[in-house]
Structure formats: structure tokens, C-alpha cells
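One structure is given here, and the rest of the page talks about it.
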Amino acid sequence: RMSKHAKKLRDHDINPCVAETDATTKCMNDNNYNKDMCTDYFLKYRNCRKFWHGIMMQRKRNGVKPEMPPAEERKKILESVG
């Protein structure tokens, strides 16, 4: 069974970077945990976290709830950014 924390990390409405997390984990598994082989994946993950953290902080400042936009809304945000 998954812990509450693990479930949250798998919830697309809470964690906008599930795909990046999975890709990084898969890369690490496929390359015998050699981080050098997965630099691009780490970068994509970091960029994802940075981008959504910025959105979250902006929404927090503007009093928008929830602070992390749900998955559907995030799709629209990403489309508008290109």
C-alpha cells in the first residue's frame, strides 16, 4: 500500500511533474543509477518544478485558490505559454 505522501506525489492535481519524475526514475533504473546518463531528465524535472512553483507563488500572491492549478487548468496554462 502507498503512504498518503506517496499518493499525493502520484496525484496529477497536486504534482504537476509526475511525468518528469517517472521519466527520471526510469532513466536511473535503465542506466544502473548513473546520474550522468540522466542529466537531461534531471534538468526537465527541475525546470518543471521551477515553472509551477512560480505559477503557485503568483497565485498565492493574488489570493487565487487552489494555489496549484488542477491538471485541466495546467494544460490550458501550458498551451497559452507554448
Unique match (being at pLDDT below 95, within 16 Å of the chain's Cα centre (by Cα), assigned to a helix (DSSP H, G or I) and exposed (fewer than 12 other Cβ atoms within 10 Å of the Cβ)) among Lys75, Lys50
Lys75
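From Cys27, Cys17, which residue is touching a residue at least 24 places away in the same chain (Cβ under 8 Å) and surrounded by 12 or more Cβ atoms within 10 Å (Cβ to Cβ)?
Working: Cys27 fails: touching a residue at least 24 places away in the same chain (Cβ under 8 Å).
Criteria check complete, one pass: Cys17.
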Let me spell it out: the conditions are (1) open to solvent by less than 80 Å² (accessible area, probe 1.4 Å); (2) in contact with a Pro (Cβ under 9 Å, 6 or more places away or on another chain); (3) modelled with pLDDT of 95 or more, and Cys38 meets all of them except one. Which number is the exception?
(2)
Given the conditions (1) at positive phi; (2) surrounded by 13 or more Cβ atoms within 10 Å (Cβ to Cβ), report the number of the one that Asn32 does not fulfil.
(2)
In the range 56-72, residue farthest from the chain's Cα centre (by Cα) [restricted to those that are open to solvent by less than 70 Å² (accessible area, probe 1.4 Å) and farther than 24 Å from Ala6 by Cβ]:
Gly63
With criteria (1) modelled with pLDDT of 90 or more; (2) open to solvent by less than 50 Å² (accessible area, probe 1.4 Å), Ala6 comes up short on (1)
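Looking only at the range 53-72, which residues are free of Cβ contacts under 8 Å to residues at least 12 places away in the same chain and assigned to a loop (DSSP other than H, G, I, E, B)? Steps first, please.
So in the range 53-72, the residues free of Cβ contacts under 8 Å to residues at least 12 places away in the same chain come out as 53-54, 57-67, 72.
Across the range 53-72, the qualifying residues are Asn62, Gly63, Val64, Lys65, Pro66, Glu67.
The values are calculated or read from the model by the stated rules, or taken from the named source; none is laboratory data. Not measured: the values here are computed from a predicted model. All Cβ positions, glycine included, derive from the backbone under ideal geometry; neighbour counts span all protein chains shown. These area figures cover heavy atoms from the full protein model, side chains too; ligands, DNA and RNA do not enter into them. Shrake-Rupley method; radii C 1.70, N 1.55, O 1.52, S 1.80 Å.
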